[in-house]
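Colleague: Here it is: the structure, laid out below.
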Amino acid sequence: AQSVTQLGSHVSVSEGALVLLRCNYSSSVPPYLFWYVQYPNQGLQLLLKYTTGATLVKGINGFEAEFKKSETSFHLTKPSAHMSDAAEYFCAVRALIGGSNYKLTFGKGTLLTVNP
Amino acid sequence: GAVVSQHPSRVICKSGTSVKIECRSLDFQATTMFWYRQFPKKSLMLMATSNEGSKATYEQGVEKDKFLINHASLTLSTLTVTSAHPEDSSFYICSASSGVYYEQYFGPGTRLTVT
C-alpha cells in the first residue's frame, strides 16, 4: 500500500521568496513520484516526476524536487515565487498494485498563495 | 503534448436523472483511463480504473451500479452517474494513460451539480 502526506494545507509566501512544499510518502515498492498543479476549476497539470535515476528532478515553471529515499520525502521547491504560482499543489505516488495495474495516490494538497 | 478533453465542463441535472460525462484522449491511444472525484478543498479520490475493452475496476466504497464506466475505444471513456442525488455533486476528473509505465494525462474536469 502507498500513501502520501503533504505537510501544510496552506502555504503563504511573498513574491520573490523561496517556495517549499513538503511531501512524504510511503510505498511498499520503489515509487514513482509526481507533483501536479491545479488552478481553480481546472484539471491537473504535471509539474515534474521522479521515476529512476537522478534524484534531483527539474520541472516546468522553475520548480524542482529532490527524491530522498532515506527520508521518504519528495519536497517541491522554487527559488523565487511568482504571482502566477498561486494554485493548489498535489504530490502523488504511483505503484503497481498487481499484474499490469497501477494507481496514483494523491496527498491532500497544499494551497499556495503568493503575496505581492 | 498529450491532450485529454472532458465534456461537458459543467452540468446541472435534477435529482433522479442520469448524466453522462465523456473523456477523450485527443492525440494518443489510451489503453487505461482513470476516473477521479474531487470534493471542495479536498484531494482527488480514485473511483475506478478502466482498460479498453474490459470492465472497469472500482475502488472500495464506490458503487459500480451508480457510477457506470464504459471504455469502448482507445480514445473514449464515459462515466454515467445514474439516479443522481445532490450528494453526487462534485468535480469529476478523468485521466488517460497509454501504458503501464506511462504517465497519466488529466482532463480539465467536469463540475456536476445535482439539484
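Colleague: Would you tally the residues in the range B:19-71 being touching a residue at least 60 places away in the same chain (Cβ under 8 Å) and surrounded by fewer than 16 Cβ atoms within 10 Å (Cβ to Cβ)?
Modeller: Looking only at that region, the number is 2.
Colleague: Please enumerate the residues belonging to the range B:88-107 that are of a type outside the set (A, V, I, L, M, F, W, C) and part of a strand (DSSP E or B). Give the derivation first.
Modeller: As a first pass, look at the range B:88-107 and keep what is of a type outside the set (A, V, I, L, M, F, W, C): B:88-90, B:92, B:95, B:97-99, B:101-105, B:107.
Scanning the range B:88-107 gives B:S90, B:Y92, B:S95, B:S97, B:Y105.
Colleague: Just to confirm my filter: which strands (runs of 3 or more DSSP E) fall fully inside the range B:7-76 and include at least 1 residues that are in contact with a Cys (Cβ under 8 Å, 6 or more places away or on another chain), within 11 Å of chain A (Cβ to nearest Cβ) and at pLDDT below 95?
Modeller: Qualifying strands (runs of 3 or more DSSP E): B:32-38.
Colleague: Mind checking which residues of the range B:72-110 are within 12 Å of B:W35 (Cα to Cα) and either free of Cβ contacts under 8 Å to residues at least 40 places away in the same chain or among the aromatic types (F, W, Y) (or both)?
Modeller: Residues satisfying the conditions are B:F91, B:Y92, B:Y105, B:F106.
Colleague: From the list A:S28, A:S70, exactly one residue is over 14 Å from the mean Cα position of the chain (by Cα), without any contact (Cβ under 8 Å) to a residue 24 or more places away in the chain and more than 17 Å from B:L44 (Cα to Cα). Which is it?
Modeller: Just a single option satisfies the conditions, and that option is A:S70.
Colleague: Hey, another quick one. Go through (1) over 17 Å from A:Q45 (Cα atoms); (2) crowded, with 16+ Cβ neighbours inside 10 Å; (3) of a type in the set (A, V, I, L, M, F, W, C); (4) out of contact with any Asp or Glu (no Cβ under 6 Å at 6 or more places or on another chain) one by one and return the number of the condition B:F106 breaks.
Modeller: Result: B:F106 fails condition (1) only.
Colleague: Quick check on my filter: what residues within the range A:33-66 are touching a residue at least 40 places away in the same chain (Cβ under 8 Å) and more than 18 Å from A:D85 (Cβ to Cβ)?
Modeller: A:L33
Colleague: Could you check how many residues of the range B:89-103 are facing another protein chain (nearest Cβ under 10 Å), surrounded by 16 or more Cβ atoms within 10 Å (Cβ to Cβ) and aromatic (F, W, Y)?
Modeller: Result for the range B:89-103: 1.
Colleague: I'm trying to understand the selection: among the residues of the range A:42-57, which are open to solvent by 80 Å² or more (accessible area, probe 1.4 Å) and at the interface with another protein chain (Cβ under 7 Å from one of its Cβ atoms)?
Modeller: A:Q42, A:K49 - these are the residues of the range A:42-57 that are open to solvent by 80 Å² or more (accessible area, probe 1.4 Å) and at the interface with another protein chain (Cβ under 7 Å from one of its Cβ atoms).
The values are calculated or read from the model by the stated rules, or taken from the named source; none is laboratory data. This structure is a prediction, so every number in the text was calculated from the model and none was measured. Glycine also receives a Cβ, built like all others from the backbone with ideal geometry; neighbour counts cover every protein chain displayed. Side chains are part of the model used for accessible areas, which takes the heavy atoms of the whole protein and leaves out ligands, DNA and RNA. Shrake-Rupley method; radii C 1.70, N 1.55, O 1.52, S 1.80 Å.
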